[in-house]
Amino acid sequence: MVGKRFIVWILMMGCGMLGLTQDLGIGAASFLRRGVDARALGMGGAFVSIADNYSALYWNPAGLAQIPVAQVGGASADFFGLGLHHSFIAGVLPFVINTQTPSLQIGLGTGYTQMTTDVQALNPGGQPVGMIQYTERLITVGIGFRFPNKLSLGATVKMYSFLAPKAGVDGEDASASGFGFDLGILAPLAHELWIGLAAADVGNTRLKWHNTPTEPTDLVMGRYTIGMAFVHSDLILAANYVHEALKGGIVRAGIELTLGFLSLRAGIIKPTQGPWTFSAGAGVKVGDLGFDVAWIQNTEIRAEGVQDTVVFSAFWEFTSFSGE
């Protein structure tokens, strides 16, 4: 247990969480940006050109306007088995502006993301003050517009909120907050072929720390993704390229095959500087209710007790309410 807590502490320090003495921390909210939804992650996170369920709020807000019925869903994971507990819940509500064909569709979405972990807190002098539960929260509100030519545009506004209890000046809580926004585009290129573009934390989101010795500012770096997907009735093939400043590029690719109520998925992730990572998943849908699970290989941390990541998701569709 001590070894695991030490690993968690190192990870969070590297992600800008407890770098409270830095003038400008880079890489904040790293664990809030690792992806959500077992379906998407089972496909390697190659979801920007699909974005057709409640997790569109995260992957590409333009997808909010592609969802035909109201939907609510959530996901939960423990990254690396280290007690980095990640949860996500979101809902989408579609509206059709007029009854003519074709018509303009609007999708409204809201979501809540949270990461919590127990870490060793340090006082301003660098001395341990005991274990605390560090928390990162993200509240997101988004809107998407689908035009008659099937082109969709979307945007989200996000509020970040970090809390480190008793880790601030004089043993009080330290906290950070800031606002950011995302943009997205989803458009058909040809029959069953789609392109998606998403810009997350455009212009870098600034998180200002309070009640710390220097009250620094951390940055959530802008992340830009382009992807394509072949979407057939029972088969989806997708590939994304993700760019983030100072981290280089990441290629994500995935496949989903649906056989009746069962869906099978697989994905690969390849950073420009880093090893291949594989993922797999499955899902079942019975009526309006669906369940998904994903496995993500750990190729980042080599230490005793560190595990692969398993993600669980569930969602409910309100087919009796179409928004029309």
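Within region 255-281, residues that are within 17 Å of Asp37 (Cβ to Cβ) have Cβ atoms under 6 Å from residues that are open to solvent by 30 Å² or more (accessible area, probe 1.4 Å) and of a type in the set (D, E, K, R) in these pairs: Thr258/Asp234; Ile269/Arg252, counting only partners at least 6 apart in sequence or on another chain. When the test is whether a residue is more than 26 Å from Ala187 (Cα to Cα) and either free of Cβ contacts under 8 Å to residues at least 40 places away in the same chain or open to solvent by less than 10 Å² (accessible area, probe 1.4 Å) (or both), Leu64 does not pass it. Are any residues in region 70-105 of a type in the set (A, V, I, L, M) and modelled with pLDDT under 95, and if so, which ones? Across region 70-105, the qualifying residues are Leu82, Leu84, Val96, Ile97, Leu104. Applying the condition of being surrounded by fewer than 23 Cβ atoms within 10 Å (Cβ to Cβ) and of a type in the set (Ser, Thr, Tyr) to region 157-185 and asking which residue is modelled with the lowest pLDDT yields Ser175.
For region 260-279, does any single residue satisfy the condition of being open to solvent by 40 Å² or more (accessible area, probe 1.4 Å), farther than 13 Å from Gly44 by Cα and under 17 Å from the mean Cα position of the chain (by Cα)? Checked region 260-279: no residue is open to solvent by 40 Å² or more (accessible area, probe 1.4 Å), farther than 13 Å from Gly44 by Cα and under 17 Å from the mean Cα position of the chain (by Cα).
Would you pick out the residues in region 65-120 that are among the small types (Gly, Ala, Ser), within 16 Å of the chain's Cα centre (by Cα) and closer than 17 Å to Ser30 by Cβ? Before the answer, list the steps.
First, pick out the residues of region 65-120 that are among the small types (Gly, Ala, Ser): 65, 70, 73-77, 81, 83, 87, 90-91, 103, 107, 109, 111.
The next check asks that each one be within 16 Å of the chain's Cα centre (by Cα); those that pass are 73-77, 87, 90-91, 109, 111.
Listed by number, the residues that qualify are Ala77, Ser87.
Might you check whether a residue that is part of a strand (DSSP E or B), aromatic (Phe, Trp, Tyr), in contact (Cβ under 8 Å) with a residue 60 or more places away in the chain and surrounded by 15 or more Cβ atoms within 10 Å (Cβ to Cβ) occurs anywhere in region 284-303? Taking every residue of region 284-303 in turn, at least one turns out to be part of a strand (DSSP E or B), aromatic (Phe, Trp, Tyr), in contact (Cβ under 8 Å) with a residue 60 or more places away in the chain and surrounded by 15 or more Cβ atoms within 10 Å (Cβ to Cβ).
The values are calculated or read from the model by the stated rules, or taken from the named source; none is laboratory data. Everything numeric here is computed off the predicted structure, so don't read it as measured data. Every residue, glycine among them, receives a Cβ derived from its backbone with ideal geometry; neighbour counts consider all protein chains shown. Calculation scope for accessible area: heavy atoms of the full protein, side chains included, ligands and nucleic acids excluded. Shrake-Rupley method; radii C 1.70, N 1.55, O 1.52, S 1.80 Å.
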